[in-house]
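What follows is one structure encoded as structure tokens, with my remarks underneath.
Quick note: the coordinates plus some simple rules give every number you see, no bench work behind them. Here the structure is a predicted model, which means the values were calculated and not measured. Counting neighbours? That spans all protein chains shown, and the Cβs are built from the backbone with ideal geometry, glycine included.
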Amino acid sequence: MIAAVALAALAAVCAVSAWRMTSVRWTWRAPRAAIALWQALGLTWGLASVGALLAYALEPWGRGVIHGLVYLVTHWREPAGLQRVGALAAGLALLTVLLAVVVVAMAQTTQARRRHRLLLSLVARDEPAVPGVRVVDHPGAAAYCVPGLKSQVVISEGTLSLLSRDELAAVLAHEDAHARERHDLVLLPFAALRWVLPWSKVVRDAHASVALLVEMAADDHARLRVPPKRLATALLRFGTAGAFATPHGALGMGAENVMARVNRLVKPGPAMRRRYRYGIVAGAALLTTSAPLLWFLPQ
Amino acid sequence: MDVLWAEGGPLTAREVGRLIADRDLAPTTVMTVLDRLTRKGFLTRVRDGRAWRYEPAASRDAYIAELMLEALEMTGDRSAALTRFAQAVSGTEADVLRKALTELEEE
């Protein structure tokens with residue numbers, strides 16, 4: 001029973017921590033470490049939830065989850081009792097759903113990107129002033145990255161006229177960080193989870209928190225190469241390019257997020273101590289290994 | 001594509017090849033490209049005697065609009081396909097940012 005209880009407790013700890021993490025602010029001082037912790041929380045929550053159900057179902061055999069499953073398949077024996085069978089079914093169903101959601105999200109994303117790239121190849125042009133960047137002839141302000149093995153940075157004509165040369169360099173440094181650190185992969189599981197649980201506030205907040213942390217991580221990368229103030233003014237100019245303001249109510253956090261990023265750039269607080277940052281990353285690693293280890297626990 | 005958009009009427013592969021003046025393209029190359037674009041839905045074609053006449057399925061502006069909708073996250077499906085720099089905010093929120101921008105520029 002120990003494994004089942006421990007895994008259930010671990011899943012609960014992850015859920016509560018995720019809920020707490022959506023409202024704390026120290027994460028802004030160390031976005032990269034916080035992103036690592038978020039990944040660990042998400043992965044461990046999934047493995048622990050599935051593991052708790054399976055551990056309970058397979059407990060009478062005393063073989064642990066992994067060896068229990070192998071035994072189940074090789075000997076084709078049902079666990080005794082309706083509850084255990086139910087737990088087994090629920091555990092396997094949850095595992096299937098979680099895996100399927102990520103796979104489907106990946107497939108959809110890949111397809112959307114392929115279409116986007118294809119359209120870019122038809123209508124985007126190169127601009128001598130900004131080598132290596134694709135330019136789309138549209139007056140709206142847009143700057144983004146199409147991630148992939150060969151990531152593509154795209155800006156609109158509107159961006160070219162909106163920003164000064166320094167500001168543009170800052171924006172491109174920011175996008176370059178997205179492309180190089182593959183931030184899209186960091187966000188994918190959270191976007192996928194949000195897609196299946198659109199009504200869950202925790203999932204929504206978690207996705208928004210990670211999305212903001214990813215932007216802050218890219219800002220931190222850009223500030224090493226360009227004056228932070230230029231990045232801040234570029235951000236504000238983008239935010240106020242109101243002619244193309246999005247009609248969605250869902251973007252209520254917009255201005256707040258932009259201001260949070262601007263304030264970090266203009267008035268950076270004391271950086272988080274290195275040993276705390278390493279502590280967070282070590283904690284994340286420990287968390288990630290805990291669930292798989294418990295899958296092996298025989299009792 | 002640019003040639004077909006500029007022309008505004010359906011063209012045969014031979015005519016397209018002639019209009020792409022800057023490069024010495026083999027007629028088969030032009031035909032292959034046109035054929036691939038048709039299969040992907042970017043061109044429509046009609047029989048004209050022994051040849052096909054090709055026409056863009058949508059205008060250049062329509063494709064640009066599609067790109068921008070995705071870029072500005074206005075398609076509604078908040079997918080993780082792109083990573084964006086920042087988003088425009090609406091109405092009163094923009095005022096807060098405008099004020100901050102003025103203050104920063106005065107410093």
Open item on the list: For a quick check: sort B:D48, B:D35 by the number of other beta carbons within 10 angstrom, fewest at the front.
Closed with: B:D48, B:D35
Open item on the list: Out of the trypsin sites (Lys or Arg not before Pro) in the range A:19-104, which ones are loop residues according to DSSP with at most 10 other C-beta atoms within 10 Å?
Closed with: A:R25, A:R77
Open item on the list: Among A:A260, A:L53, A:S164, whose Cα projects farthest towards the positive end of the dipole of the protein assembly as shown, with charges put on the beta-carbon of Lys, Arg (+1) and Asp, Glu (-1)?
Closed with: A:L53
Task: Straight-distance crosslink candidates among lysines, where the alpha carbon sits under 25 Å from A:K150 and sequence neighbours closer than 8 are dropped - done: B:K40
- [ ] Grab the DSSP H runs of chain A that are 4 residues or longer, score each as -39,500 (n - 2.57), total them, divide by all residues and round the 222 nm result to the nearest 500 deg cm²/dmol.
- [x] -24000 deg cm²/dmol
Open item on the list: Which residue, A:Q108, A:A80, B:L82, has the largest displacement toward the positive end of the dipole of the protein assembly as shown when charges sit on each Cβ (Lys, Arg +1; Asp, Glu -1)?
Closed with: A:A80
TODO: Could you tell me what percent of the DSSP beta bridges with both partners in chain A are antiparallel, to the nearest 5?
DONE: 65
Open item on the list: Using DSSP to call loops (not H, G, I, E or B), can you name the chymotrypsin sites (Phe, Trp or Tyr not before Pro) in the range A:188-228 whose Cβ has at most 10 other Cβ atoms within 10 angstrom?
Closed with: A:W199
Open item on the list: How would the protein assembly as shown be classified by its alpha-carbon gyration tensor: rounded, prolate or oblate, with rounded meaning a/c under 1.5 and the a/b versus b/c comparison settling the rest?
Closed with: oblate
- [ ] List the residues whose amide H sits under 5 Å from the amide H of A:V133, counting only those 5 or more places along or on another chain, with H placed 1.01 Å from N in the peptide plane.
- [x] A:E127
Task: Distant alpha-carbon pairs in the range A:1-121 (separation over 18 angstrom), percent - done: 64
TODO: With label points built 7 Å along Cα→Cβ from the Cα atoms of A:K150 and A:W76, find their separation and express it in nm.
DONE: 5.1
TODO: Loop only per DSSP, at most 11 neighbouring Cβ atoms within 10 Å: give me the trypsin sites (Lys or Arg not before Pro) in the range A:140-195, ordered by residue number.
DONE: A:K150
Open item on the list: Spelling out what I want: for every residue of the range A:55-67, take phi, set θ = phi - 60°, compute 6.51 cos²θ - 1.76 cosθ + 1.60 (Karplus), and round to whole Hz; glycine and proline get x.
Closed with: 4, 5, 5, 9, 4, x, 7, x, 10, x, 6, 4, 5
- [ ] Working from Cα positions, state the angle (0 to 90°, nearest 10) between the long axis of helix A:201-223 and the longest principal axis of chain A.
- [x] 50
Task: Contact order relative to length of chain A, as percent, for alpha carbon pairs under 8 angstrom and 6 or more apart - done: 28
